[in-house]
1. All but one of (1) more than 20 Å from Ala59 (Cβ to Cβ); (2) part of a strand (DSSP E or B) hold for Leu115, so report the exception by its number.
2. For the range 41-53, which residues satisfy the criterion of being open to solvent by less than 30 Å² (accessible area, probe 1.4 Å) and part of a loop (DSSP other than H, G, I, E, B)?
3. If I filter the range 59-90 down to residues being surrounded by 17 or more Cβ atoms within 10 Å (Cβ to Cβ) and hydroxyl-bearing (Ser, Thr, Tyr), which single residue comes out as modelled with the highest pLDDT?
4. Considering each of Lys7, Lys14, Lys56 in turn, give the residue that is of a type outside the set (Phe, Trp, Tyr), assigned to a helix (DSSP H, G or I) and modelled with pLDDT under 90.
5. Pick from the range 21-40 the residues that are in a loop (DSSP other than H, G, I, E, B) and in contact with a Gly (Cβ under 9 Å, 6 or more places away or on another chain): which of them is most open to solvent (accessible area, probe 1.4 Å)?
6. Quick one: count up the residues across the range 118-134 that are in a strand (DSSP E or B) and open to solvent by 30 Å² or more (accessible area, probe 1.4 Å).
7. Restricting to the range 9-20, name every residue that is touching a helix residue (DSSP H, G or I) at 6+ places or on another chain (Cβ under 8 Å) and crowded, with 19+ Cβ neighbours inside 10 Å.
8. Quick one: count up the residues across the range 21-37 that are among the aromatic types (Phe, Trp, Tyr) and more than 10 Å from the chain's Cα centre (by Cα).
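The values are calculated or read from the model by the stated rules, or taken from the named source; none is laboratory data. Model, not experiment: these values are computed from the prediction. Here the Cβ is made from the backbone with ideal geometry for all residues, glycine too, and neighbour counts use every protein chain on show. Each accessible area value is taken on the protein alone, full model and side chains, heavy atoms only, with ligands, DNA and RNA left out. Shrake-Rupley method; radii C 1.70, N 1.55, O 1.52, S 1.80 Å.
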Amino acid sequence: MERTQYKYVERLIKKSREVLIVSPYIDLYYANFILHNSKGKKIYIIASSIDNSAKKILANGSFPSLSFALFISFLAASLILFANGEENILFVFAMFFLAIFAIRFKHKRPKNIRLKIPREFVHAKFYIGDSEVITGSANLTFRGMHSNVEHIEIRNDPEYVKTMKKEFWKLWKEV
């Protein structure tokens, strides 16, 4: 049996400007997927039992690998210059602080992603985009989207989308 639920949920997240997610479980794979597809969007998530590393990614963003590479490069260059007797130690420190600035500049908390973790366990699973709703049994985890046998329903009826958005915001206020 083909497991294709991920295609529909990932498409919804990629194409919608506003994404509303209710899934008790979210793993690191999908936290990174959401973060990397969040530019220019508003994303609201209700998750009861989210993986700790996924929670950190969605709340704080990911560590920027490019900035980290720049930091290591500048640090290495500074140490080489210092080891070769570079007399202008100010240059060495300037390079070091430039690298730190690059890391802080790139490592921003995602302001367009809101995450709520309710006190009560919310077992519902639905994914709402601008004009589409996906409901069913699939959690937002790699296994739930790619491995498990799951059932999803996809609806794009404007009235149903509107009703589900109201349901989401009602739940958002309650948790």
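1. So Leu115 meets the others, but not (1).
2. As a first pass, look at the range 41-53 and keep what is open to solvent by less than 30 Å² (accessible area, probe 1.4 Å): 41, 43, 45-48, 50.
Across the range 41-53, the qualifying residues are Lys41, Ala47, Ser48, Ile50.
3. Ser78
4. The conditions single out Lys56.
5. From the range 21-40, those in a loop (DSSP other than H, G, I, E, B) are 23-25, 27, 37-40; that's our starting set.
Imposing the further condition that a residue be in contact with a Gly (Cβ under 9 Å, 6 or more places away or on another chain) reduces the set to 23, 25, 27.
Numbers: Ser23: 1, Tyr25: 90, Asp27: 34 Å².
So, considering only residues that are in a loop (DSSP other than H, G, I, E, B) and in contact with a Gly (Cβ under 9 Å, 6 or more places away or on another chain), the one most open to solvent (accessible area, probe 1.4 Å) is Tyr25.
6. The initial filter retains those residues of the range 118-134 that are in a strand (DSSP E or B), namely 126-128, 133-134.
Next cut, open to solvent by 30 Å² or more (accessible area, probe 1.4 Å) only: none.
Total meeting the criteria: 0.
7. Of all residues in the range 9-20, those touching a helix residue (DSSP H, G or I) at 6+ places or on another chain (Cβ under 8 Å) come to 9-10, 13, 19-20.
Within the range 9-20, Val9, Ile13, Val19, Leu20 qualify.
8. Just the residues of the range 21-37 that are among the aromatic types (Phe, Trp, Tyr), to begin with: 25, 29-30, 33.
Now restrict to residues that are more than 10 Å from the chain's Cα centre (by Cα): 25.
Looking only at that region, the number is 1.
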